[in-house]
Amino acid sequence: MEQLSIFDIFKIGVGPSSSHTLGPWKAALAFRNTLTAFSFDNVSITLYGSLSKTGKGHKTDVAIQLGLAGLIPETTNTCEMERILDQIKITETLFFDSRSISFSPLMHIDFCNSLHEAHPNVLTFRATKKEETVLEQTYTSLGGGFIKLLGDSEPEKKKIDFPFSIENGADVLRYTQDNSLDFYEIVFQNEQHIRTAKQIDFKLQEIYDTMKQSVYKGCITEGVLPGGLKVKRRARALCSKLLEEHQYKTIDAWEEALRKTPLVFDTLNTWISCFALAVNEQNAAMGKIVTSPTNGAAGVIPAVLLYHQYFAKNKGFEDVKKFLLIAGEIGCMFKKGATISAAEGGCQAEIGVSSAMAAGGLTACMGGSTKQILMAAEIAMEHHLGLTCDPIHGLVQVPCIERNSMGAIKAIMASNLALNGNPEDAIVNFDQVVKTMWETGLAMNSNFKETSEGGLAINVAVSFPSC
C-alpha cells in the first residue's frame with residue numbers, strides 16, 4: 001500500500017497549479033540534480049497532453065526554467081523569480097554550478113500538443129552533447145505536486161511501517177473501534193513514525209502561517225491578475241467593505257479587526273468567500289500558497305479553517321492541528337482510492353476533494369465522531385461529483401477562483417448536516433463516494449479534464465492571442 005503523510009498533501013509551493021506548475025518545477029529540479037554526473041551542451045523539454053494544452057496559462061514553461069535554474073519552490077522568494085527569469089530571457093543562458101549552456105525557452109521547450117500513453121500530464125527532459133543524447137528522463141505530474149519518473153517502479157511510495165495503515169474509510173472505522181482511539185489520534189500516531197511530535201507541530205504551524213499569509217496578502221492586494229483575461233482581484237474590496245473604518249497595517253492588526261466582525265450570516269458568508277478568493281488570487285499571480293490538496297483548490301481549506309478560528313469557539317492551535325491532520329488524511333485516502341488531479345478526474349478531484357477534506361476537518365473540531373467526520377467528507381464530495389475542469393484560456397482564474405468559495409461553503413454545510421445527522425441512516429458512505437468519483441473521472445470526456453477544449457473554455461470567447 002502507498003504510505004502517505006499528511007505533509008505529502010499539504011505542501012508549501014508557488015501558484016498557479018500543482019500539477020502544471022509545482023510538479024514540472026520539481027521534475028526540472030530533479031533532472032538538474034541528476035545532470036551533475038553528465039557532460040552536456042544542450043537541454044530540451046517536451047510537454048505532452050494537458051501540460052501542452054494548458055501549460056502556457058499555467059506557467060509550466062516558467063516553472064521548468066525556475067527548476068532548471070535550481071530554485072526550490074518551498075523556500076524560494078517569489079520576488080527573486082522575476083530576476084532569474086529575466087536573466088534567462090536576456091542572456092539565453094542556463095547556469096549549472098560552474099558551467100553554462102545556451103538556452104532559449106521558445107526554442108527548447110516544446111508544447112507538442114499530443115498525448116502520451118503514460119498519463120495526461122507528461123514531460124520529457126533531454127540532455128545532449130554534440131547532438132547525442134546523454135540523459136533522457138520522462139516524468140508524469142500526478143496532481144498535488146506529486147511526480148513520477150517513468151521506469152521508477154515505486155517513486156513516491158514510502159516504506160514506512162505505520163501502526164495504522166490507512167487505505168480507506170473502512171480502515172479508519174476498524175482502527176478506531178478496535179483500539180478505542182479517535183480519528184485524530186490514529187493519524188497523529190502514524191505521523192509520529194516519520195517525525196517527532198515537536199517536528200509535527202512545527203510543520204503544522206508553518207503550514208497554518210503560510211495559509212494565513214496568503215489570505216492576508218490577497219486581502220490587501222488589488223489590481224488585475226496576469227495572463228490576459230483581465231480578471232480583477234476582488235478580495236481586497238470585499239475585505240475593505242467588511243472592515244469598514246478599521247485600519248490595519250499588519251496581519252496581527254488585520255486579525256484583531258476581523259475578529260470584531262458581527263456574527264451574522266451574510267457577513268460570515270462573505271468572509272468565507274473573501275478568504276477563499278484571496279488565496280486563489282494569490283495563487284493565480286504565482287504567489288506562495290499551500291497545496292490543499294492542489295494549488296487550484298488551495299483556497300478551500302484556509303477559508304474553512306479561518307472561519308473556525310476567527311468566528312467559532314475553538315481551542316486555538318490544538319484545533320488547527322486536529323483540522324489539518326484529519327483533512328490531510330482524507331486527502332490521502334482520495335489520492336489512494338481515486339485521484340487529486342483534474343487532468344485525470346476533472347475539478348471534482350480538486351475542489352471536490354478539498355471540500356471533503358475541509359468538511360471532515362471542521363467536523364472533527366466541532367466535536368464530531370469518526371463516523372460523522374467521514375459522513376461530512378462524503379456529503380461534500382457527493383455534491384461535487386461530475387464537476388468538470390474547463391479553465392478559460394488555460395488560466396487558473398475563471399471559473400477556478402470562484403469555485404474555491406463554493407467549495408468552502410459546501411464544506412461548512414456538509415459539516416452541519418453530518419453533525420446534526422445520524423451516520424447510521426446514511427445511504428452513501430465515504431468509500432462508495434471515493435469509488436464513484438474515480439469512476440466518474442474515468443468516464444469523463446477528456447475535453448473536460450484540464451485541456452481547455454470544452455465547457456466554459458470554448459463557450460467564452462477571448463479576444464487576445466495565446467500568451
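Since every read-out is calculated from the coordinates, none of them should be taken as a lab result. Keep in mind that what you see is a predicted model, and the values were worked out from it rather than measured. Don't worry about glycine lacking a Cβ; one is built from the backbone with ideal geometry, like all the others, and counts go over all protein chains shown.
Output the antiparallel fraction of DSSP beta bridges having both residues in region 18-149, as a percent to the nearest 5. Just about 90 percent of them are antiparallel. A simple spin-label model places pseudo-atoms 7 Å from Cα toward Cβ; at residue 161 and residue 230 they are separated by 6.4 nm.
In a DSSP loop and with at most 11 other Cβ atoms within 10 Å, the trypsin sites (Lys or Arg not before Pro) in region 236-308 are 249, 259, 260. Its DSSP H runs of at least 4 residues, each contributing -39,500 (n - 2.57), put the calculated 222 nm mean residue ellipticity of the chain at -15500 deg cm²/dmol, to the nearest 500.
Here the gap between residue 178 and residue 251, fully extended at 0.36 nm per residue and compared with their Cα-Cα distance, gives a gain of 21.8 nm. Dipole size of the chain about its Cα centre, with +1 on Lys/Arg Cβ and -1 on Asp/Glu Cβ: approximately 900 debye, rounded to the nearest 20. Pairs of Cα atoms in region 134-293 fall into 10 Å distance bins, from 0 up to the last occupied one, in shares of 8, 24, 25, 24, 16, 3, 0 percent. With a threshold of 31 Å on the Cα-Cα distance, the over-threshold entries among 129/449; 321/371; 26/129; 129/203 are 129/449; 129/203.
The protection proxy used here, the mean number of other Cβ atoms lying within 10 Å of each residue, ranks peptides 174-181, 415-422, 268-275 as follows, highest first: 268-275, 415-422, 174-181.
The alpha carbons of region 189-276 occupy a box of 46, 37, 26 Å along the principal axes, longest dimension given first.
Basic side chains Lys and Arg get +1 at the Cβ, acidic Asp and Glu get -1 at the Cβ, and with that the dipole of region 18-149 about its Cα centre reaches some 160 debye. Working ranking of peptides 206-218, 98-110, 119-131 by packing, defined as the average number of other Cβ atoms within 10 Å per residue, highest first, is 206-218, 119-131, 98-110. Counted over the chain, the DSSP beta bridges are approximately 90% antiparallel. Are there GluC sites (Glu not before Pro) in region 212-268 that DSSP puts in a loop and that have at most 11 other Cβ atoms within 10 Å, and which ones? When the GluC sites (Glu not before Pro) of region 212-268 are filtered for loop state and at most 11 Cβ neighbours within 10 Å, 244, 245 remain.
Distance from the alpha carbon centroid of region 270-319 to that of region 335-368 works out to 14 angstrom.
Subtracting the Cα-Cα distance of residue 189 and residue 131 from 0.36 nm times their residue separation leaves 15.6 nm of extension gain. Using a Förster radius of 30 Å, what is the FRET efficiency between residue 442 and residue 149 based on their Cβ-Cβ separation? Nearest 0.05, please. About 0.80, to the nearest 0.05. Here 458, 45, 340 are placed in order of increasing Cβ neighbour count within 10 Å, fewest first, which gives 458, 45, 340. Each Cα pair under 8 Å and six or more residues apart adds its separation to the average, and for the chain the resulting relative contact order is 19 percent.
From the alpha carbon centroid of region 383-433 to that of region 33-73 is 33 Å.
Orientation-averaged projection of region 169-459 equals 15.1 nm² [convex hull of Cα atoms, one quarter of hull surface area]. Counted by Cβ distance under 12 Å from residue 421, the other residues give a net charge of -2, where Lys and Arg count +1 and Asp and Glu count -1.
Please work out the Cα center distance from region 91-113 to region 181-208, rounded to the nearest Å. Answer, in whole Å: 41. For region 1-99, the Kirkwood radius over C-alpha pairs fed into Stokes-Einstein at 37 °C and 0.692 mPa s yields D = 226 µm² per second.
Between residue 266 and residue 196, the contour length at 0.36 nm per residue exceeds the alpha carbon distance by 21.0 nm. The listed peptides 341-350, 448-457, 306-315, ordered by packing as a protection proxy, come out as 341-350, 448-457, 306-315 (highest mean of other Cβ atoms within 10 Å first).
Rounded to the nearest 10 degrees, the inclination of helix 351-365 to the longest alpha-carbon principal axis of the chain is 40 degrees.
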